[in-house]
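Student: A single structure is presented below for examination.
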Protein chains: 2
Amino acid sequence: MPVPIYNTITVIGLGLIGSSVIRAAQSQGLAKQITAYDRDQAVRDCAKRIGLGDRVTDTLEEAVADADLVLMAVPVGAMASVAEAIAPALKQGAVIADTGSTKTSVIRDVAPHLPDHCQFLPSHPIAGTEYSGPEAGFATLFKDRYWIIIPDGVDDEAVSAFCQFLEGMGAIVEAMSAEYHDRVLAITSHLPHLIAYTIVGTAFDFEQQIRNDVIRFSASGFRDFTRIAASDPVMWRDVFINNADAVLEMLGRFNEDLTYLQRAIRWKEADKLEDLFSRTRDIRAKIKDIGQLD
Amino acid sequence: MPVPIYNTITVIGLGLIGSSVIRAAQSQGLAKQITAYDRDQAVRDCAKRIGLGDRVTDTLEEAVADADLVLMAVPVGAMASVAEAIAPALKQGAVIADTGSTKTSVIRDVAPHLPDHCQFLPSHPIAGTEYSGPEAGFATLFKDRYWIIIPDGVDDEAVSAFCQFLEGMGAIVEAMSAEYHDRVLAITSHLPHLIAYTIVGTAFDFEQQIRNDVIRFSASGFRDFTRIAASDPVMWRDVFINNADAVLEMLGRFNEDLTYLQRAIRWKEADKLEDLFSRTRDIRAKIKDIGQLD
């Protein structure tokens, strides 16, 4: 077993990500004590029942009072209020991290609330499933997956400990700026989710007969979109609101490209279609080559 | 073993679908003799090497001369020329079927070429993978998957035999009109492929750094689109050209819905986003309920 990286960690928000962090930290012995908190009583009860962490507290203040690492795993729209609530209770030298899918907005929302005797280390695990809630988590969710950190202004010792913690869960740590993160994630994650939600919604708005047949014949392509369109609605609502500029920029590019193809279909320009369809083919092979295909 | 449904069947086009039909028919004993043909010499050589069918012929005429069932498993843009080429060699009472992803265009292109002593039974298996070619096929590809037939004007005996053949491969047979097929497939299959090709292309056109990171961080959503964007380029070029009207109609609806969401993001209308994202969630559960999730 690895040496514990932290004496005490606290995870706030016991959804898919938060509960997976706790399971991974428990199974790898990465902290001497793990405290869990969720604002939802039913989630706290569930966490106790399934043994998430060493203790589940009923208040945020109690949850963070002893923590060396506080990990906020809540929707990005809730980060500001969590930061504000925990600030008075944070102990000297605590590191506060988050798992939000947008980084400039979280830094804007969280940093002003935290006391000077703590450090904020924004981060984002590139891992997930279409399932939500404390029972959806599992210890290997982060194994061989990237976990992005934004270490600007955080001291080396704190960054190093956090990296060891993430690597202890099996993650590959990658540092970058918040702005670059938000731009890359807008194209790899936010736009694909928006498109998937849209097309599933478009299908949903047909009359009953077609809607049923969309489900029956989904193996023909539609099914691939339904997985990510089943993701947590509140989490994703907050992502789009909080990374609006980058998402709108990517959406602009996507719309140009789609309009180009639409015109090629209308004018039966077969060469333009075949040219694109041939180029896109090898991207999947590259994803497989670097071990990011399940 | 089931009784053979046909004495002799001929499969033209030995890609994923054609080779899977042969493997399924072989493994289930659905025909006494299976003849295979592909216009590509290298594919014919491969078919011989891996034992696809009882014989592989070098000409279309020879391939179909004895066939009770001829299955055209070629891109929809190639159906007309195949039908024209085989017409003089078809035997009395032969049934000609196809596996094309568009049906009104295939009927328009094929029916005029066939002699009166044969019957044309258009069909479309709702099954596939992102792989192509004779070695990509497998005997269970159609198991528990829908196979749509357009039986208008074909006599009951011929339809019944073909249904037994399809059911022998494990498929669930569903009859409908060509127009309805093209409309439903435009939304379940053609539009999702177009969208996936577009977004993968959009990502591909970034500068090298972002393109690499799109691949590295693809687990965040993008990856789900790369599977169908790796599908056969010629097959899909032909689909869009030959189902242009229905695809453009669905694309119009999709664009309206996407513009609505784009506007909601720009104006930070969180409720509109959450409302849609909540509605789309249960479609995947329904796909699972009817057994169409792998």
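The values are calculated or read from the model by the stated rules, or taken from the named source; none is laboratory data. Everything numeric here is computed off the predicted structure, so don't read it as measured data. Quick reminder, even Gly has a Cβ in these numbers, built from the backbone with ideal geometry, and neighbours come from all protein chains shown.
Student: Can you report the number of residues in the stretch A:74-105 which are within 17 Å of the chain's Cα centre (by Cα) and under 20 Å from A:P4 (Cβ atoms)?
Tutor: 2
Student: Are any residues in the stretch A:1-45 of a type in the set (F, W, Y) and at pLDDT below 95, and if so, which ones? Outline the logic, then answer.
Tutor: The first filter runs over the stretch A:1-45 and keeps only residues of a type in the set (F, W, Y), leaving A:6, A:37.
The answer is none; no residue qualifies.
Student: Which residues, taken from the stretch B:111-133, are within 14 Å of chain A (Cβ to nearest Cβ) and of a type in the set (A, V, I, L, M, F, W, C)? Give the derivation first.
Tutor: Just the residues of the stretch B:111-133 that are within 14 Å of chain A (Cβ to nearest Cβ), to begin with: B:123-133.
Within the stretch B:111-133, B:I126, B:A127 meet the criteria.
Student: Could I ask something else about it? Under 8 Å between Cβ atoms, which residue pairs at least 6 apart in sequence (or on different chains) link something in the stretch A:254-274 that is modelled with pLDDT of 95 or more with a partner that is not in a helix (DSSP H, G or I)?
Tutor: A:D257/B:D205; A:R263/A:E269
Student: May I pose another question? If a residue has to be more than 7 Å from chain A (Cβ to nearest Cβ) and either in contact with a Pro (Cβ under 7 Å, 6 or more places away or on another chain) or within 15 Å of A:T198 (Cβ to Cβ) (or both) to count, how many in the stretch B:270-294 make the cut?
Tutor: 2
Student: Of all residues in the stretch B:184-207, which are more than 7 Å from chain A (Cβ to nearest Cβ) and either over 17 Å from A:R281 (Cα atoms) or among the small types (G, A, S) (or both)?
Tutor: Correct list: B:A186, B:A196, B:E207.
Student: Among A:G201, A:G291, A:G252, which is on the phi > 0 side of the Ramachandran plot and of a type in the set (G, A, S)?
Tutor: Working: A:G201 fails: on the phi > 0 side of the Ramachandran plot; A:G252 fails: on the phi > 0 side of the Ramachandran plot.
Among A:G201, A:G291, A:G252, only A:G291 is on the phi > 0 side of the Ramachandran plot and of a type in the set (G, A, S).
Student: Answer with yes or no whether A:F162 is at pLDDT 95 or above, part of a loop (DSSP other than H, G, I, E, B) and in contact with a strand residue (DSSP E or B) (Cβ under 9 Å, 6 or more places away or on another chain).
Tutor: Numbers: at pLDDT 95 or above: yes; part of a loop (DSSP other than H, G, I, E, B): no; in contact with a strand residue (DSSP E or B) (Cβ under 9 Å, 6 or more places away or on another chain): yes.
No.
Student: While we're on this one: Is there a residue in the stretch A:141-154 that is surrounded by fewer than 24 Cβ atoms within 10 Å (Cβ to Cβ), part of a helix (DSSP H, G or I) and not charged (D, E, K, R)?
Tutor: no
Student: Of the residues A:I241, A:I283, A:I265, only one is outside any loop (DSSP other than H, G, I, E, B), among the β-branched types (V, I, T), under 18 Å from B:L248 (Cα atoms) and not assigned by TED's automatic domain parsing to the domain that holds A:V74; which? Before the answer, list the steps.
Tutor: Working: A:I241 fails: under 18 Å from B:L248 (Cα atoms); A:I283 fails: under 18 Å from B:L248 (Cα atoms).
Every option except A:I265 fails the conditions.
Student: Would you mention how many residues in the stretch B:122-139 are assigned to a loop (DSSP other than H, G, I, E, B) and more than 15 Å from the chain's Cα centre (by Cα)? Steps first, answer last, please.
Tutor: Within the stretch B:122-139, the subset assigned to a loop (DSSP other than H, G, I, E, B) is B:122, B:126-133, B:137-139.
Of the ones still in play, those that are also more than 15 Å from the chain's Cα centre (by Cα) are B:139.
Going through the stretch B:122-139 one residue at a time, the tally reaches 1.
Student: Listed residues A:D213, A:D156, A:D144; which is acidic (D, E), on the phi < 0 side of the Ramachandran plot and assigned by TED's automatic domain parsing to the domain that holds A:I34? Even if it seems obvious, please write down each step before you answer.
Tutor: Working: A:D213 fails: assigned by TED's automatic domain parsing to the domain that holds A:I34; A:D144 fails: on the phi < 0 side of the Ramachandran plot.
That would be A:D156, the only listed residue that is acidic (D, E), on the phi < 0 side of the Ramachandran plot and assigned by TED's automatic domain parsing to the domain that holds A:I34.
Student: Related question: Looking at A:K48, is it in contact with a Cys (Cβ under 9 Å, 6 or more places away or on another chain) and either at pLDDT 95 or above or of a type in the set (G, A, S) (or both)? If you could, list the steps in order and put the result at the bottom.
Tutor: Details: in contact with a Cys (Cβ under 9 Å, 6 or more places away or on another chain): no; either at pLDDT 95 or above or of a type in the set (G, A, S) (or both): yes.
So A:K48 fails the test.
Student: Return a yes/no flag: does the stretch B:177-192 have any residue that is closer than 17 Å to A:H193 by Cα and either assigned to a helix (DSSP H, G or I) or touching a residue at least 24 places away in the same chain (Cβ under 8 Å) (or both). Reasoning before the result, please.
Tutor: Step one: filter the stretch B:177-192 for residues closer than 17 Å to A:H193 by Cα, giving B:191-192.
From what's left, either assigned to a helix (DSSP H, G or I) or touching a residue at least 24 places away in the same chain (Cβ under 8 Å) (or both): B:191-192.
Taking every residue of the stretch B:177-192 in turn, at least one turns out to be closer than 17 Å to A:H193 by Cα and either assigned to a helix (DSSP H, G or I) or touching a residue at least 24 places away in the same chain (Cβ under 8 Å) (or both).
Student: Which residue, of A:F240, A:F217, A:F165, is under 19 Å from the mean Cα position of the chain (by Cα) and farther than 21 Å from B:S218 by Cα?
Tutor: Only one candidate passes the filter, namely A:F165.
Student: Now, a different point. Considering only residues of the stretch A:21-64 that are of a type in the set (S, T, N, Q), within 25 Å of A:K143 (Cα to Cα) and in contact with a helix residue (DSSP H, G or I) (Cβ under 8 Å, 6 or more places away or on another chain), which is surrounded by the fewest Cβ atoms within 10 Å (Cβ to Cβ)?
Tutor: We begin by selecting, within the stretch A:21-64, every residue of a type in the set (S, T, N, Q); these are A:26-28, A:33, A:35, A:41, A:57, A:59.
Subset that is within 25 Å of A:K143 (Cα to Cα): A:26-28, A:33, A:35.
Filter again for in contact with a helix residue (DSSP H, G or I) (Cβ under 8 Å, 6 or more places away or on another chain), leaving A:28, A:35.
Working: A:Q28: 18, A:T35: 23.
Taking the candidates together, the pick is A:Q28.
Student: Restricting to the stretch A:101-132, give me the number of residues that are more than 18 Å from A:A24 (Cβ to Cβ), buried (at least 22 other Cβ atoms within 10 Å of the Cβ) and either out of contact with any strand residue (DSSP E or B) (no Cβ under 8 Å at 6 or more places or on another chain) or among the hydroxyl-bearing types (S, T, Y) (or both).
Tutor: Residues flagged as more than 18 Å from A:A24 (Cβ to Cβ), buried (at least 22 other Cβ atoms within 10 Å of the Cβ) and either out of contact with any strand residue (DSSP E or B) (no Cβ under 8 Å at 6 or more places or on another chain) or among the hydroxyl-bearing types (S, T, Y) (or both) within the stretch A:101-132 amount to 4.
Student: Then there's this: Could you list all residues from the stretch B:2-20 that are touching a Gly at 6+ places or on another chain (Cβ under 7 Å) and surrounded by fewer than 22 Cβ atoms within 10 Å (Cβ to Cβ)?
Tutor: B:P2, B:P4
Student: State which residue is surrounded by the fewest Cβ atoms within 10 Å (Cβ to Cβ) when the search covers only the stretch B:215-268 and only residues that are among the polar types (S, T, N, Q) and more than 7 Å from every other protein chain (Cβ to nearest Cβ).
Tutor: B:T259
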